[in-house]
1. So for the stretch 1-97, averaging the separation of alpha carbon pairs under 8 Å that are six or more residues apart and normalising by length, what relative contact order in percent results?
2. Which order do the peptides 178-187, 336-345 take when ranked by the mean count of other beta-carbon atoms within 10 Å per residue, highest first?
3. May I ask you to give the solvent-accessible area per residue for the chain, in square angstrom, as obtained with a 1.4 angstrom probe?
4. Can you put 122, 273, 9, 397 in order of accessible area, largest first, using a 1.4 Å probe?
5. Roughly speaking, to the nearest percent, how much of the chain's 1.4 Å accessible area is carbon and sulfur?
6. Within 10 Å, at most 11 other Cβ atoms, and a DSSP state outside H, G, I, E, B define an exposed site. Report the longest part of the chain free of exposed GluC sites (Glu not before Pro).
7. Counting only the heavy atoms of the protein chains, how much of residue 389 is accessible to a 1.4 Å probe, in Å² to the nearest 10?
8. Applying 1/(1 + (r/R0)^6) with R0 = 51 Å to the Cβ-Cβ distance of residue 396 and residue 29, what FRET efficiency is obtained, to the nearest 0.05?
Amino acid sequence: MSTRESRSHWLADTQLTHLGRNPASHEGTVNTPVYRVSTYVWENTQALAEFRRKSADPAFRGNAYGRNGNPTTAAFEDAVAELEGGYRGLIMPSGLAAITGAVLAVAKAGDHVLVTDNCYWHARKVFDDVLSRYGIETTYFDPELGADIAGQLRPNTKVVFVEAPGSTTFEVQDIPAIARAAHAHGALVLMDNTWATPLFFRAFEHGVDISIHAATKYLVGHSDAMLGVIVTTQPLYAQVRSVVRDLGYIASADDAYLGLRGLRTLGVRLRQHQQSALRVAHWLQQRSEVLEVRHPALPGSPGHEIWKRDFLGSSGLFAFVLKPLPDEAVNAFLDSLQLFAMGASWGGFESLIGRQTPQRAVTPWQVPGVLFRIHVGLEAVDDLIADLDQGLAGIAHHFSPEEA
Ligand SMILES: *Cc1c(COP(=O)(O)O)cnc(C)c1O
C-alpha cells in the first residue's frame, strides 16, 4: 500500500476510505480485522531480545501486551491522526477518559489550568472534583475572550483547555488567538474537537497541541460504542502515551473496529447532518415561539465570524431557546415528539433533543426562556420539521396566554 507521505495529499474523503487498513498485511481483507488479544508470545529469546531493543525508541509501537494496543487499535489511531494532520493518536476507552488522560499527561501538582466556561459539563466536573484533589487548579475563562486570555494566564498556567463551539451553548472560541497567547506564555492548548471532527476543524493548523475526540459521537456514528482518541504533535507523543498507558487506559479491538467502520462514512454522514441541521435551524429561526437559535453557521450566533474564518463546516448539533414556558409545557413538547428522542448523547444517525441547564463559573447564563439542545440525525429533514411543528402546535396556547 501507499506510504504515509503519498497519502497526506489525498482529500479527506479519499483518506476516510483508505486510512487505517492495509489488505496486504491481513490476508487481503479489505478491513483491518478485530485482533482480540491480551497476550502476545515471542518465537524465541532472540525475538524477545530484538523487541526489547526496539522498545527503547519512544516512537516504536510493537505488540507486547494487550494494554499497549493491537493492530486494530493501532489502525484506528493512525487513521484519526493522519486525517487530522497530527503526529499520532492514542485510543482511549471514552471521550472523557481522553480528556482526563490528556490533562494528566501534561499538567502536574502545582499547575494551573484555564478552561473555557462553556465546556462539556462532565469535563468541568473532572477539573473541579477530581484534578483539584491532585493539586491541579482550574479557573474558567469567557469563551468569547480571544486574545485577551493573556490577562488570565498565571506564571504556573500549563494548559489552556478549549472546546469550540461549546457543545451546550455553542459559542465559538478564537483558537488561533488563544493559542498565540498560550504559546507565548509556554502553555499548551488542548482542544475538545468532538463537534467539528477532524473534517470540519483542522486543529493542528490553528495552533492546537493536543486534539481530543469523543469518538463515541460522530466517529463511531452509530450510538453503539464508547470510544475516545487523543491526537498529539510529535514532541508531545511519547510523554502522553507513557502517562495514559501507565494509567491503564486502552480500548478494545471491537470498539476500535467500530471506530474504523464509522470513519468510512464520516464524510457523507457529516455533510448530511450539516445540511439537515441548517434546514432545521433556519426553520426554527422563523418561528415566533423561538427567541434564539445558537448555531455557529448562523450570522448572529456567538462566534459566527470566527467559525466562518476557521471552520470547514458545521455538524448536526446546535441549540435553540423557546420563549419562557412552564415546566408542564416543556414536558408536553418533549413528550409529543415522535422522531426526536430524549438522549444524553449525540453524533449518531438518530435525532435527539434535550433541555439544557448550562453550568457557568464566570459567564452566568442569562438568556431568558428554555434552552434545548438538538441533534439533527439522518432522517428525512421534512419529517423532522413536521415533528417539531406538531410539537410546537401542541403547546401553542402557552405562548398566547390571552387565548388560554
Ligand atoms: C460526549 C462528550 C464527551 C465525552 O465523551 P464520552 O465518550 O461520552 O466519554 C466529551 N466532549 C464532548 C463535547 C462530548 O459531547
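The values are calculated or read from the model by the stated rules, or taken from the named source; none is laboratory data. Computed from a predicted model, the values in this text were never measured in an experiment. As a convention, Cβ positions derive from the backbone with ideal geometry for all residues, glycine included, and neighbour counts pool all protein chains shown. The protein model used for the area step is the full one, side chains on, heavy atoms only, and it has no ligands, DNA or RNA in it. Shrake-Rupley method; radii C 1.70, N 1.55, O 1.52, S 1.80 Å.
1. That works out to 27 percent.
2. Output ranking for 178-187, 336-345: 178-187, 336-345.
3. Each residue of the chain exposes 42 Å² on average to a 1.4 Å probe.
4. Correct descending sequence by accessible area is 9, 397, 122, 273.
5. Percent of accessible area from carbon and sulfur atoms in the chain: 52.
6. In the chain, the maximal stretch lacking such sites is 44-404.
7. Near enough 60 Å² of accessible area.
8. 0.35
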